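The next block holds one structure in the form of structure tokens; read it before the comments.
The values are calculated or read from the model by the stated rules, or taken from the named source; none is laboratory data. Everything numeric in this text was worked out from a predicted model, so none of it was measured. Here the Cβ positions follow ideal geometry from the backbone for every residue, glycine too, while neighbour counts run over all protein chains shown. Surface areas here come from the heavy atoms of the whole protein model, side chains and all, with no ligands, DNA or RNA. Shrake-Rupley method; radii C 1.70, N 1.55, O 1.52, S 1.80 Å.
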Amino acid sequence: MSGSYDDSVGVEVSSDSFWEVGNYKRTVKRIDDGHRLCNDLMNCIHERARIEKGYAQQLTEWAKRWKQLVEKGPQYGTVERAWCAFMSEAEKVSELHLEVKSSLMNEDFEKIKNWQKEAFHKQMMGGFKETKEAEDGFRKAQKPWAKKLKEMEAAKKAYHAACKEEKLAVSRETNSKADPALNPEQLKKLQDKVERSKQDVLKTKEKYEKSLKELDNATPQYMENMEQVFEQCQQFEEKRLRFFREVLLEVQKHLDLSNVASYKNIYRELEQNIKAADAVEDLRWFRANQGPGMSMNWPQFEEWSADLNRTLSRREKKKAADGVTLTGINQTGDQVSQPNKHSSSLSVQSNTVQSVQSSYNPFEDEEDTGSTVSEKEDNKIKNVSSYEKNQSYPADWSDEESNNPFSSTDANGDTNPFDEDTSPAMEVRVRALYDYEGQEQDELSFKAGDELTKMGNEDEQGWCKGRLDNGQVGLYPANYVEPIQ
């Protein structure tokens, strides 16, 4: 073995063996690597915890949004409860993933951080105490043997130089014998040079062999000391490896929800809710509450009476004196409800028609649109359900093939006040201030807050022609709406 020690002149290293002088530095570097690996493991766990938190938040938002949509949608009965069970599952799983995030950060992350702090001690001048102790231990164990190695390398170099000089002297002497120009004195000097070279070779060889023997004698002790320091480094690294294994097992337990009893119960409950969905029960409920099972006040013979309430037609409303309150006003929102004097004398059947929005496609490619993510989320909430549970349907019907509310004559033969309007059509978006239920076929029905399009100007009797967002066109009282700013 040959090499160089830090205090010696650089000698080319002949091998990559641990026993070569200075090659213990790889073992020392492993201590610094251990500290960095602790940081890497903490960063790894921290990123996973962030993913768990983000997933939990997304599950919660998804469950909240879809629960509202299903509850407001047309689905009913046991199938609705089965559908909502999916949202309940998401909320519970979200809580479990938040617990996973908490365990990763409060237990695993902190455990590694504390162990790293106890295992590695920083020095004032930089580096770690454990690294310096290993470095000093290897240098101390290697120094005596490295000193003898240095002496042996010097002796070998001197011996090889003497051998070279001897060979050169013998060559010169041999060439001089064939040269007649040399006198005996010059020849004598060459012969003496050869003799001295041979003696130098013997001396350097003896010294080289002696230093090599001393190096060989020192090798067992050198190996023993180096082994001792190396084992100390092995024990330190063993603690880190065993600790990493222990931490990774704990992380695995925190991530594995398959063994968590509450996790299994979530899906057991979900399965029960889905299996509890009963089509027969739902159809029976719908029959009783929305179908033939509903009660009905069938018409019966009634004697005429002058005191009987009657329904005012729109034409009678036009002729009515100022100050008479129109029926069908249901103030909502910030409007305060006022008792209607004529409400007891009016019988109005709702024919409110809500616009059917185009259904949202959950599999539509988001990259095809220019809207932002937040805008898409708003659109999903607004458009994913086309109907609401309490949706009312038109009560008016006719056997006639055409039912144009804007024909030249209405039900009583009067002319349509809008037929004579020759002014250019002017459309303005307006918002309803009150609920209004159409009294006749050519009148619109809407709720307070609904938006519609005003077509043309107000007539002399205070009526306007308008169009709902679903395309229905009809009349409505002008004072029931306000322009949208």
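Over region 429-483, calculate the relative contact order: mean separation of alpha carbon pairs under 8 Å at least 6 apart, over the residue count, as a percent.
It rounds to 38 percent for region 429-483.
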Study note, to complete from the structure: In Å², rounded to a whole number, the accessible area per residue of region 429-483 with probe 1.4 Å is 40 Å²
Review point. In the structure shown, do any of LYS53/LYS92; LYS157/LYS210; LYS122/LYS239; LYS25/LYS207; LYS53/LYS253; LYS64/LYS447 have a Cα-Cα gap over 22 Å, and if so which?
Key: LYS25/LYS207; LYS64/LYS447
Point to revise | Overall Cα dimensions of region 429-483, principal axis frame, Å, largest first | key: 25, 24, 18
Check your understanding: Can you list the equivalent-ellipsoid semi-axes of region 43-162, largest first and in whole Å, using the square root of 5 times each Cα gyration tensor eigenvalue?
Key -> 70, 16, 9
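When the dipole is taken about the Cα centre of region 24-261, and only Lys, Arg (+1) and Asp, Glu (-1) are charged at their Cβ, what size is it in debye, to the nearest 20?
1100 debye
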Exercise for review: Using only protein heavy atoms and a 1.4 Å probe, report how much of PHE120 is accessible, in Å² to the nearest 10.
Suggested key: 10 Å²
Review point. Semi-axes of the equivalent ellipsoid of region 24-261: what are they in whole Å, largest first, if each equals the square root of 5 times a C-alpha gyration tensor eigenvalue?
Key: 82, 21, 13
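What full-extension length gain, to one decimal in nm, is calculated for GLU427 and LEU37 as 0.36 nm per residue of separation minus the Cα-Cα distance?
133.3 nm
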Review point. Which value in nm describes the separation of the simple spin-label points at LYS64 and GLU95, placed 7 Å from the Cα toward the beta carbon?
Key: 1.6 nm
**Study point:** Relative contact order for region 24-261, counting Cα pairs under 8 Å that sit 6 or more residues apart, in percent
**Key:** 26 percent
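Please work out how much length the chain gains when fully extended from GLN300 to SER171, using 0.36 nm per residue of separation minus the C-alpha to C-alpha distance, in nm with one decimal.
31.5 nm
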Exercise for review: Quantify, in whole percent, the carbon and sulfur part of the accessible surface of region 120-184 (1.4 Å probe; protein heavy atoms only).
Suggested key: 58 percent
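Quick check for you: with a 1.4 Å probe and neighbouring chains kept, what is the accessible area per residue of region 24-261, in Å²?
It amounts to 65 Å² per residue over region 24-261.
Just order 246-252, 299-305 by mean Cβ neighbour count inside 10 Å, highest at the front, would you?
246-252, 299-305
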Practice item. Evaluate E = 1/(1 + (r/R0)^6) for HIS46 and VAL260, where r is the Cβ-Cβ distance and R0 equals 22 Å; express this FRET efficiency to the nearest 0.05. Key: 0.50
Revision key, fill the gap. Placing each pseudo-label 7 Å from Cα in the direction of the beta carbon, GLN441 and GLU118 end up separated by a distance in nanometres of 8.9 nm
Study note, to complete from the structure: Using alpha carbon positions and the Kirkwood radius, the Rg to Rh ratio of region 142-213 is 1.23
Check your understanding: What nm distance separates the two modelled labels at ASP16 and TYR76, each placed 7 Å from Cα along Cα→Cβ?
Key -> 7.9 nm
Check your understanding: What is the gain in length, in nm to one decimal, between TRP285 and LYS164 on full extension, counting 0.36 nm per residue of separation less the C-alpha to C-alpha distance?
Key -> 32.1 nm
